[in-house]
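Below you'll find the structure, written out as structure tokens, and then a few comments.
The values are calculated or read from the model by the stated rules, or taken from the named source; none is laboratory data. No experiment lies behind these values; they were computed from the predicted model shown. Here the Cβ is made from the backbone with ideal geometry for all residues, glycine too, and neighbour counts use every protein chain on show. Note: accessible area is taken over every heavy atom of the protein model, side chains too, but ligands, DNA and RNA are not part of it. Shrake-Rupley method; radii C 1.70, N 1.55, O 1.52, S 1.80 Å.
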Amino acid sequence: MDTHEDSLKPRPAIRAAAFSVHIFTAFGAAIALLAMLEAVREHWAAMFGWLGIALIIDAIDGPIARRLNVKDVQPNWSGDVLDLVVDFVTYVFVPAYAIVASGLLLPVAAPLLGVAIIVTSALYFADLRMKADDNHFRGFPALWNAAAFYLFLLHWPPLWSTLLVATLVVLTFVPFHVLHPVRVVRLRWLTMSLVVIWGLLAFYALRMDFHAGTGVTVALCAIAFWISFSDALIRLARSLA
């Protein structure tokens with residue numbers, strides 16, 4: 001009987017390959033530490049560079065895990081929990097520090113909004129309704145790395161930036177749908193094309209220390225608008241057709 005059960009267990013090489021995906025995911029947290037070190041030095045472009053690497057890890061570890069059937073091969077390790085831990089430090093904690101410490105917000109409001117970002121994002125990550133049935137996010141999906149990037153890119157007056165951050169905090173709990181760039185099936189070809197373009201333009205903006213020019217800035221903002229409001233626009237168009 002034991003021999004039969006042993007024969008059903010994955011081979012050591014398969015188990016090792018599956019566990020290596022968890023290690024790969026966990027490296028995202030290590031990348032967050034490197035990003036934080038750059039943020040403390042106020043090397044903002046370098047910080048976003050590290051966060052970009054963490055974003056790439058987050059984009060590809062899921063498909064790899066599903067391909068290797070990691071959930072069944074390594075049932076004692078929760079990839080979902082690990083992913084949330086890493087996402088919180090890369091999408092929320094490090095960007096929140098950058099937003100507060102950069103001087104982009106009103107000084108009196110910055111620490112309060114920093115606390116609001118951390119608390120509301122933690123609640124959002126724990127919300128089992130964070131995704132709709134079609135894989136759209138419900139509300140602003142705590143993408144504070146992206147929000148921080150646009151704050152540095154646009155470099156608005158502190159009052160405007162403060163109002164934007166406060167608005168995003170509120171929108172965390174407003175049930176509008178935000179496009180998941182990878183998992184939403186509708187118009188995926190368009191979404192993925194825009195994601196690639198966005199990555200190239202964002203890399204250029206970082207290389208230029210956020211002095212990317214009007215054309216690049218407008219293009220980056222247009223892509224962000226599509227990701228944020230395409231579902232609402234498509235629903236509106238269908239209702240008017």
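Quick check: is even one residue across region 210-228 modelled with pLDDT under 95, of a type outside the set (D, E, K, R) and within 17 Å of Arg138 (Cβ to Cβ)? Within region 210-228 (the criterion being modelled with pLDDT under 95, of a type outside the set (D, E, K, R) and within 17 Å of Arg138 (Cβ to Cβ)), the answer is yes, since at least one residue qualifies.
Just one of the numbered conditions (1) over 20 Å from the mean Cα position of the chain (by Cα); (2) under 17 Å from Leu151 (Cα atoms) is not true of Ile99: (1).
Screening Leu51, Leu105, Leu82 for residues that are under 15 Å from the mean Cα position of the chain (by Cα) and either closer than 20 Å to Leu171 by Cβ or at pLDDT below 95 (or both) leaves exactly one candidate, Leu82.
Residues that are open to solvent by 30 Å² or more (accessible area, probe 1.4 Å), charged (D, E, K, R) and more than 18 Å from Thr167 (Cβ to Cβ) are absent from region 87-97. Within the option set Phe176, Phe210, being in contact (Cβ under 8 Å) with a residue 12 or more places away in the chain, closer than 25 Å to Pro107 by Cβ and either touching a Cys at 6+ places or on another chain (Cβ under 7 Å) or of a type in the set (A, V, I, L, M, F, W, C) (or both) holds for one residue only, Phe210. Screening region 46-56 for residues that are without any contact (Cβ under 8 Å) to a residue 60 or more places away in the chain and either open to solvent by 20 Å² or more (accessible area, probe 1.4 Å) or touching a Phe, Trp or Tyr at 6+ places or on another chain (Cβ under 6 Å) (or both) and picking the one that is farthest from Met208 (Cα to Cα) gives Ile56.
The single residue among Val21, Val70, Val40 that is surrounded by 18 or more Cβ atoms within 10 Å (Cβ to Cβ), among the β-branched types (Val, Ile, Thr) and touching a Phe, Trp or Tyr at 6+ places or on another chain (Cβ under 9 Å) turns out to be Val70. All of (1) open to solvent by 40 Å² or more (accessible area, probe 1.4 Å); (2) of a type in the set (Ser, Thr, Tyr); (3) more than 19 Å from Phe48 (Cα to Cα); (4) touching a residue at least 40 places away in the same chain (Cβ under 8 Å) hold for Tyr124 with one exception: (1).
Screening Ala205 against (1) open to solvent by less than 60 Å² (accessible area, probe 1.4 Å); (2) in the same structural domain as Val100 (by the TED database) leaves a single unmet condition, (2). Please tell me if Leu113 is surrounded by fewer than 19 Cβ atoms within 10 Å (Cβ to Cβ) and over 19 Å from Ala202 (Cβ atoms). No; evaluated as a whole, the condition is false for this residue. State whether one or more residues within region 184-200 are in contact with an Asp or Glu (Cβ under 7 Å, 6 or more places away or on another chain) and either of a type in the set (A, V, I, L, M, F, W, C) or in the same structural domain as Gly103 (by the TED database) (or both). For region 184-200, residues in contact with an Asp or Glu (Cβ under 7 Å, 6 or more places away or on another chain) and either of a type in the set (A, V, I, L, M, F, W, C) or in the same structural domain as Gly103 (by the TED database) (or both): present. Among the residues of region 186-200, is there at least one that is open to solvent by less than 40 Å² (accessible area, probe 1.4 Å), more than 30 Å from Ala110 (Cβ to Cβ), within 17 Å of the chain's Cα centre (by Cα) and of a type in the set (Val, Ile, Thr)? Among the residues of region 186-200, at least one is open to solvent by less than 40 Å² (accessible area, probe 1.4 Å), more than 30 Å from Ala110 (Cβ to Cβ), within 17 Å of the chain's Cα centre (by Cα) and of a type in the set (Val, Ile, Thr), which makes the answer yes.
Within region 167-185, the set of residues being touching a helix residue (DSSP H, G or I) at 6+ places or on another chain (Cβ under 8 Å) and open to solvent by less than 70 Å² (accessible area, probe 1.4 Å) comprises Leu168, Val169, Thr172, Phe176, His177, Val178, Leu179, Pro181, Val182, Val184.
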